[in-house]
1. Let me know the volume per residue of the alpha-carbon convex hull for region 543-626, in Å³.
2. Restrict the search to region 134-223; then list the GluC sites (Glu not before Pro) that DSSP places in a loop and that have at most 16 other Cβ atoms within 10 Å of their Cβ.
3. Binning every alpha carbon pair distance of region 254-307 at 10 Å from zero, what are the percents per bin?
4. Counting only pairs 8 or more places apart or on different chains, how many lysine pairs in the chain have C-alpha atoms closer than 20 Å?
5. Where only protein heavy atoms count, and the probe is 1.4 Å, what is the accessible area per residue for the chain in Å²?
6. Provide the FRET efficiency to the nearest 0.05 for the ARG686-PHE271 pair, computing r from the beta carbons and using R0 = 60 Å.
7. PRE reach from LEU53 (point 7 Å along Cα→Cβ): which of region 276-295 fall under 14 Å by backbone N?
8. Can you give the helix-only mean residue ellipticity at 222 nm for the chain, where every DSSP H stretch with n ≥ 4 adds -39500 (n - 2.57) and the sum goes over all residues, rounded to the nearest 500 deg cm²/dmol?
Amino acid sequence: MTFLNEAALPDVAGRLPTPSYDRRSIRTGIVHFGVGGFHRSHQAMFIDRLLNLGGSSDWGICGVGVLPSDAQMRDVLDAQDGLYTLVLRDAGGGEDARIIGSITEYLFAPDDPRAVIGKLVDPATRIVSLSVTEGGYSINDATGEFDPRALDVRHDLEPDSIPQSVFGFLTTALARRRAQGVEPFTVLSCDNIAGNGNVARKALVSFAALKDPALAEWINDTVAFPNSMVDRITPATTDADRAAVAQTYGFVDAWPVVAEPFEQWVLEDRFAAGRPPLEAVGVQLVDDVEPYELLKLRLLNASHQVMSHLGALAGHRHVHEVCADPAFAGFILGYMEAEAAPTLQPVPGIDIKAYCRGLLHRFANPAIRDTLARQRVDASERIPKFLLPVVREQLELGGPVDRAALVVAAWARTLAGADDDGGTIETTDRRLEQLRAAARQDGENPGAFLNFAEVFGDLGSNARFAAAYRQAHAALRRSGAAGAVAGLSTSSISTFQNQGGISLNDSQATGTATVGRTPTTGFKGRTILVTGASGGIGAATVRQLTAAGAKVIASARTLDSLAGLCDETGAQPLAFDLASEDSIRDAVEGLELWGIVNCGGFGGEIASPQDTDIDIFDKVVSINARGALLVIKHAVPSMIRQGGGGAVVNVSSQASLVALPGHISYGSSKAALDNITRVSALELGRHNIRVNSVNPTVVMTDMSNFHWGRPDIGGPFLEQMPLGRWATVDDVAAPIVFLLSDAAAMITGVALPIDGGYSSR
């Protein structure tokens, strides 16, 4: 059988596309450190596409390997003259393949480090690109500073040492270029790191400063470090891939690359010594890559972490298998839409919601067979860069973190090496022993894993996230990964028949919304007022209602507290004070509403009857009961005049249904609210206006954590709850939306417990 190399190209050309350019005439303009599957499916493919257009013959690629494991790539590329097969497989079974020829040289640094330095110093080299993994920059995730403790870095900091590390080679080469009067090359990071160009600058300048402060200053002032966003799912090559190439195309390729058809490269147009005309081959050149970069890192890369640890615990081994499970697909989509998306900036030309759904289609491609094990490699580098920034921003916003907490708890459990059925889970991480030691402490002290500061920084001291983590830890022990995921899955997703892909259900095409797993209809053209919208349940309700097609008026005491939510959802902000009838009347009288959600409230104090502060009691009742009644009083007349009916949902509490210690003020106010619900249902039914209450258990927010987050209080409470977990904001918002919908057309006057069965005892 034919073996792929330059001499075989005439024979191979009859079977699939091959380079149309004379590879002997190509000069090296790009040196790339870290030639792996992704570089060959992405950057090298774009350069090959450019070379096929003609006129860019000075932009060939010289690959460089610095790790012992790179010796295999050296041997394969040497034997194949740098050629390889790129195979793109779509979810429908289609395949497109071609030979890539843009890598015209490959240097293995341990063989001849001086040759690498010479190539870097050569004036023809104008770009040095990097795909050295998230951990290759030696930046401490907790401090953001360069950490010179890596062995190769420490070696390269010794006087007169021959470089071994990427930054040792770059510093040495730039010092010589400066001494010879050669302009500096551009350093182009292609790694999945927020601000990857900025990180590369930080690492290189910091390394150089330890060798020569003046050189470091020159590098900082003259070298360009453009940020970039790169995207194409590229799993590791398998023996089955090699065999498939041989069988399909009739030649042997020792290291083909298999990838999805999707491709994206967004790049800041900042180069020190010129660049190839990449815009001619589909690369987006922009002034600021950050919005695109965050979109990909916090949705695609973070979602790989979301699925890989939980999926492994549930016994899955491939990405597409996870996405074929409706509960997991719903969980992943819920993470993207409820937790990650609110932390993103607007992205020019991209509908973020459609992007999320598109990612699920990409993940579900069964032809790619991407493994969860690949996604879990060096999770201690990936989770701090992809997932934890979302957690930190959501904690600042007061938004949900329950799914992210479950992912982190699942990661801790995978470190024990077994899935929920006792199967083996292999973990590869440079911090593996430290991580396992930290995770073992969770056994006696759930939440102790978060004290591993090298990964989590100070996040373990955040009371709300620590409480969410403990809840997730308990859910995994009680229900396993599949059960815990099902409890937080809020998607309307179904699987494609025979494709393992993801399909939106029919409601998505007709304007019908799906909330939780219950179809809800009839929100188009309806305006709904949500009070208390700046809080967790209120904000979640606004998000679900706007997603369902409703026009939402989001209210709180101040407009500033609503700005982020309204920017995200398109809701109309409205400020008024629930303690003032004049303020309520002026704000809501005459609004053309169809529905009301009375979610605004005040927690008051934890006190027994004999210790109650009566002023606080009056304030709690004034806001929670009197305020809700006043909203109904001044908003409902307009609803009646319109003659179209409507619905009101009052957000009460389980404290109105059962006695809870210390809740004399809060429980009394919510019991009064339940009676307002029943009487209002009785009075307004003849106008076709339905009125109901939801009575949730504790939602673990910063406000509630001070009391319920205490192990001596929260622990016994959870033990008495049949479902054994705190509610999430989405657990409460989904029934609210259901009660507002036409699906609840015959439900009025009820108080619906959302308490995991606590009040059923």
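The values are calculated or read from the model by the stated rules, or taken from the named source; none is laboratory data. All figures in this text were calculated on a predicted structure; none of them were measured in a lab. Here Cβ is always computed from backbone atoms with ideal geometry, including for glycine, and neighbour counts include all displayed protein chains. Calculation scope for accessible area: heavy atoms of the full protein, side chains included, ligands and nucleic acids excluded. Shrake-Rupley method; radii C 1.70, N 1.55, O 1.52, S 1.80 Å.
1. Values: hull volume 9.9 nm³, N = 84.
Expressed per residue, the convex hull around the Cα atoms of region 543-626 is 118 Å³.
2. Details: sites: GLU134, GLU145, GLU217; in loops: GLU145.
Those satisfying the criteria are GLU145.
3. Percent of Cα pairs in each bin: 19, 37, 33, 11, 0.
4. Within the chain, the lysine pair count is 10.
5. Details: 29320 Å² over 761 residues.
Accessible surface, normalised per residue, equals 39 Å².
6. On the way: r = 72 Å, r/R0 = 1.21.
Once rounded, the FRET efficiency stands at 0.25.
7. 276-285
8. So the calculated ellipticity at 222 nm is -12500 deg cm²/dmol.
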